[in-house]
1. Please state which one of R249, R261 is within 15 Å of A152 (Cα to Cα) and surrounded by fewer than 16 Cβ atoms within 10 Å (Cβ to Cβ).
2. Would you mention how many residues in the range 75-132 are surrounded by 21 or more Cβ atoms within 10 Å (Cβ to Cβ), part of a helix (DSSP H, G or I), touching a residue at least 60 places away in the same chain (Cβ under 8 Å) and not hydrophobic (A, V, I, L, M, F, W, C)?
3. Taking the residues in the range 270-285 that are of a type in the set (D, E) and touching a strand residue (DSSP E or B) at 6+ places or on another chain (Cβ under 9 Å) as candidates, determine which candidate is surrounded by the fewest Cβ atoms within 10 Å (Cβ to Cβ).
4. Checking L37 against (1) surrounded by fewer than 18 Cβ atoms within 10 Å (Cβ to Cβ); (2) assigned to a loop (DSSP other than H, G, I, E, B); (3) on the phi < 0 side of the Ramachandran plot, only one condition comes out false. Which one?
5. With the requirement that a residue be more than 15 Å from the chain's Cα centre (by Cα), assigned to a helix (DSSP H, G or I) and of a type outside the set (D, E), what does the range 4-22 give you?
6. Which of the strands (runs of 3 or more DSSP E) contained wholly in the range 185-298 include at least 1 residues that are β-branched (V, I, T) and touching a Pro at 6+ places or on another chain (Cβ under 9 Å)?
7. Out of (1) at pLDDT 95 or above; (2) within 20 Å of the chain's Cα centre (by Cα), what's the single condition that is false for D103?
8. Any idea how many residues of the range 212-251 are over 30 Å from D103 (Cβ atoms) and either at pLDDT below 95 or basic (K, R) (or both)?
Amino acid sequence: MTRHLLKLSDFTSDELRAIVLRAIEMKKSGPTRNGVLTGKTLAMIFTKNSTRTRVSFEAGMAKFGGHALFLHSNATQLGRDEPIEDTAKVLSRMCDAIMIRNDSQADQEALASASRVPVINGLSDLHHPCQLLADMQTWFEHRGDPKGKVAAWIGDGNNVCHSWIEAAALFDFSFRIACPKGFEPAADIVAAAGSHVELLRGASFAANGADVLVTDTWTSMGQEAEQQRRVTAFADYQIDAALMTRAKRDAIFMHCLPAHRGQEVSAEVIDGPQSVVWDEAENRMWAQMALLEHLLSK
């Protein structure tokens, strides 16, 4: 059966840990060109702009001796309303895997249902599993196994937050979410994580004694018309130096980028010694290489 990664919970805890540990190993020793990705082709479908997702997948495939094809909806038949299932049937006869970055989890599920090859979610409206593979790799590298530890999310209950919620259950850590009313994560995703997740209003309560503080932009792509309302709503949800002092002394700061200094995070935090965002960004490439190897070796 063809395996897909459309959300983190599509894989077991053991599989995810193995992928993260493999990513760490490859980062230390370098990838091999005689592995499972040599001569393979990854089709990358984009309907949303990207820096890290595109570069990390392209660079990763190149390092492994494979090839990545950049397919923007404006320059393909997808932009002319070709059914996504038809696109899947064609691409999966020519390519070895498909990555899609778009606005619709439902469209990704439709693509996967018609594909002969693995489909990877490079971001959707509901989930960002590749980001969490990189985040977990970064946590392992800097502070060891997340099991039994505490992460605090300060900000919007968005797609990245949803994937952090799933990660909490799968990697067995506690996840506190501090967000203003009306910006909570999806209730069904929270419920599925059970006691691993706690919703709070105050950022300081969430940060108390945490091992990791993490956030994302207050205004994501497609929400630009809401920017002023969001800036007002999230005014008390910035991760700054004072909030970092509420966490553990050796706590680390994460952000999936792009960041807006002076909004969701202060410059002194993201550019300071507790920030691991640049390792986190690089780890998108290593984690995705390990993911592709896992998917295509089955």
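1. Numbers: R261 fails: within 15 Å of A152 (Cα to Cα).
Going through R249, R261 in turn, just one is within 15 Å of A152 (Cα to Cα) and surrounded by fewer than 16 Cβ atoms within 10 Å (Cβ to Cβ): R249.
2. Counting residues in the range 75-132 that are surrounded by 21 or more Cβ atoms within 10 Å (Cβ to Cβ), part of a helix (DSSP H, G or I), touching a residue at least 60 places away in the same chain (Cβ under 8 Å) and not hydrophobic (A, V, I, L, M, F, W, C) gives 3.
3. At the first step, the residues of the range 270-285 found to be of a type in the set (D, E) are 271, 279-280, 282.
With the extra rule that they be touching a strand residue (DSSP E or B) at 6+ places or on another chain (Cβ under 9 Å), the set shrinks to 271, 280.
On the way: D271: 13, E280: 26.
Filtering first and then ranking leaves D271.
4. Condition not satisfied by L37: (1).
5. Those that are more than 15 Å from the chain's Cα centre (by Cα), assigned to a helix (DSSP H, G or I) and of a type outside the set (D, E): S13, R17, A18, L21, R22.
6. Details: elements: 197-200, 212-215, 252-255.
By residue number, 197-200, 212-215.
7. If we test D103 against (1) at pLDDT 95 or above; (2) within 20 Å of the chain's Cα centre (by Cα), just (1) comes out false.
8. Going residue by residue through the range 212-251, those that are over 30 Å from D103 (Cβ atoms) are 240-251.
Narrowing further to those that are either at pLDDT below 95 or basic (K, R) (or both): 246, 248-249.
Residues that pass the stated criteria total 3.
The values are calculated or read from the model by the stated rules, or taken from the named source; none is laboratory data. Not measured: the values here are computed from a predicted model. Cβ atoms come from the backbone with ideal geometry, glycine included; neighbour counts cover every protein chain shown.
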